[in-house]
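Enquirer: Can you keep this structure in mind? I'll have questions shortly.
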Amino acid sequence: MKISEITGADRFYFLRHGESVNNKKDLVNGWTDCSLTDTGREQARIAAGILKKEPIARIVTSDLKRAVETAEIVASELNFPVEKYPELRERNWGIYENGPRFQRPGLHETPEEGESPQEYYERVVNALQKVNIVNNTLIVGHAGTMRVLMSFIDLEEDVRVPNTRPFLITVNGLNPLNSDF
């Protein structure tokens, strides 16, 4: 299956949220609803400046604070409303939520009381279909969201996606909009 078959779009943008409090402390974020740090807010402003030059048509985001804050900073530069979708949340890491990142199981394992990789994948795919992504939509999400997207364009899924590095995703692949991040 191709990304355009899931999203309905041939091209859209993806932005991982800015640095969160848990990122800074090296804790598992998952569904833990934490805010951005000052660094994360500054990262979002820089990303907004980059994305302002792109033909963004719409902004959708996970409903978790770190993604919403990032999306709202970008939206204030682009003059778009932010559409929030709980289905675009990061993977639920169960008993590992808000705990030390080094204790979290691997990406291909199912955490106790959390989502399996397949459950998470299916939730994100269903969300992308529900949201009705159009060309030039900006999705503000999480590293896990990007891993699901990368699986459609045959890229390595275990790559860590930097906070607030904007990407243009097309049926032909992935293009980072700024390599300075």
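The values are calculated or read from the model by the stated rules, or taken from the named source; none is laboratory data. Model, not experiment: these values are computed from the prediction. Every residue, glycine among them, receives a Cβ derived from its backbone with ideal geometry; neighbour counts consider all protein chains shown.
Enquirer: From Gln118, Gln103, grab the single residue that is in contact with a Ser or Thr (Cβ under 9 Å, 6 or more places away or on another chain), loosely packed, with under 15 Cβ neighbours inside 10 Å and either modelled with pLDDT under 85 or not acidic (Asp, Glu) (or both).
Expert: On the way: Gln103 fails: in contact with a Ser or Thr (Cβ under 9 Å, 6 or more places away or on another chain).
Answer to the selection: Gln118.
Enquirer: A further question on this structure: Please go through the range 11-33 and give me each residue that is among the acidic types (Asp, Glu) and in contact with a Gly (Cβ under 8 Å, 6 or more places away or on another chain), ordered by number.
Expert: Glu19
Enquirer: Could you identify the single residue in Glu90, Glu83 that is under 19 Å from Leu27 (Cα atoms) and at pLDDT 95 or above?
Expert: Testing whether each residue is under 19 Å from Leu27 (Cα atoms) and at pLDDT 95 or above leaves just Glu90.
Enquirer: Considering only the range 54-61, I want to know if a residue exists there that is of a type in the set (Lys, Arg), assigned to a loop (DSSP other than H, G, I, E, B) and either buried (at least 18 other Cβ atoms within 10 Å of the Cβ) or out of contact with any helix residue (DSSP H, G or I) (no Cβ under 7 Å at 6 or more places or on another chain) (or both).
Expert: no
Enquirer: Okay, next question. Specify the residue that is surrounded by the most Cβ atoms within 10 Å (Cβ to Cβ); the eligible residues are those in the range 10-49 that are part of a helix (DSSP H, G or I) and among the polar types (S, T, N, Q).
Expert: Gln43
Enquirer: Just name the residue that is surrounded by the most Cβ atoms within 10 Å (Cβ to Cβ) out of those in the range 65-97 that are under 15 Å from Thr145 (Cα atoms) and out of contact with any strand residue (DSSP E or B) (no Cβ under 9 Å at 6 or more places or on another chain).
Expert: Residue satisfying both the conditions and the ranking: Arg91.
Enquirer: Glu77: of a type outside the set (A, V, I, L, M, F, W, C) and part of a helix (DSSP H, G or I), yes or no?
Expert: Yes; evaluated as a whole, the condition is true for this residue.
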